[in-house]
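Values in this text are rule-based calculations from the coordinates and carry no lab data. Not measured: the values here are computed from a predicted model. In this analysis, Cβ positions are derived from the backbone assuming ideal geometry, glycine residues included, and neighbour counts consider all displayed protein chains.
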Amino acid sequence: MKIIAFAGSNSSRSINKKLATYATSLFDNADVEILDLNDYELPLFSIDREAVLGKPQLAQDFLDKIASADLLVVSLAENNGNYSAAFKNLFDWCSRNRNDVFQDKPMLLMATSPGRRGGRSVLDIAQSNLPRYGGNIKAEFSLPLFNEAFDVAKGVISDANKDAELKSIVSQFTAL
């Protein structure tokens, strides 16, 4: 199984990238590629820029990575209750190449944050929005209180209940 994973963040210290990386480690015998949104940085989308630039190759490259996947593991950062600007901008550019950005690939959708809601607002937006763009969300996971619930040094969830919840979700994917 080929897994493409990424965090909806361009932070070099992204907690969502740490969560996505941990989640992919739970899949046995998977070919995993963790993408970094910084490798797909594009000018701020506008129709005017699109008229000048056309369809940037980096957007197509991102879509090609998605096409290569059997499963997407996506952990979205929440900025002021919404997608990060980095994710939203790449999403906007990609949607100009093809409307079904996520190409109906099965998706484990996640979010984490230092707060008690664990990225709940961005997950709610994504649950409503991504299916209109080929997001085939099969499961969702939220990790509140990242700084207390995740052992950064070991790269694992330290909250036993949340770890068991994520492992249960992963086992459902592997059973498919």
Query - Relative exposure of Val152, Val52, judged by other C-beta atoms within 10 Å (fewest first) - result: Val52, Val152
Query raised in the report: Counting Lys and Arg as +1 and Asp and Glu as -1, what is the net charge of the other residues whose Cβ lies under 15 Å from the Cβ of Asp48?
Result: +1
Report task. Rounded, prolate or oblate: pick one for the stretch 56-112, where a ≥ b ≥ c are the square roots of the eigenvalues of its C-alpha gyration tensor, a/c under 1.5 means rounded, and failing that, prolate if a/b is larger than b/c, else oblate. Result -> oblate
Query raised in the report: Of Lys105/Lys138; Lys55/Lys88; Lys17/Lys105; Lys105/Lys154; Lys65/Lys154, which sit over 18 Å apart, Cα to Cα?
Result: Lys17/Lys105; Lys105/Lys154; Lys65/Lys154
Query - Cα-based shape type of the chain, given that a ≥ b ≥ c are square roots of the gyration tensor eigenvalues and the cut on a/c is 1.5 - result: prolate
Query raised in the report: Relative to the longest principal Cα axis of the chain, at what angle does helix 57-67 sit, 0 to 90 degrees, rounded to 10?
Result: 40
Query raised in the report: Tell me, how many Å apart are the Cα centres for the stretch 7-45 and for the stretch 85-145?
Result: 13
Report summary line: Measuring from the longest principal axis of the C-alpha atoms of the chain, the long axis of helix 120-129 (C-alpha) lies at a number of degrees, nearest 10, equal to 50
Report summary line: Env charge @ Asp39, Cβ radius under 15 Å, K,R +1 / D,E -1, value -3
Query raised in the report: How far is helix 85-97 tilted off the main Cα axis of the chain, in degrees rounded to 10, range 0 to 90?
Result: 50
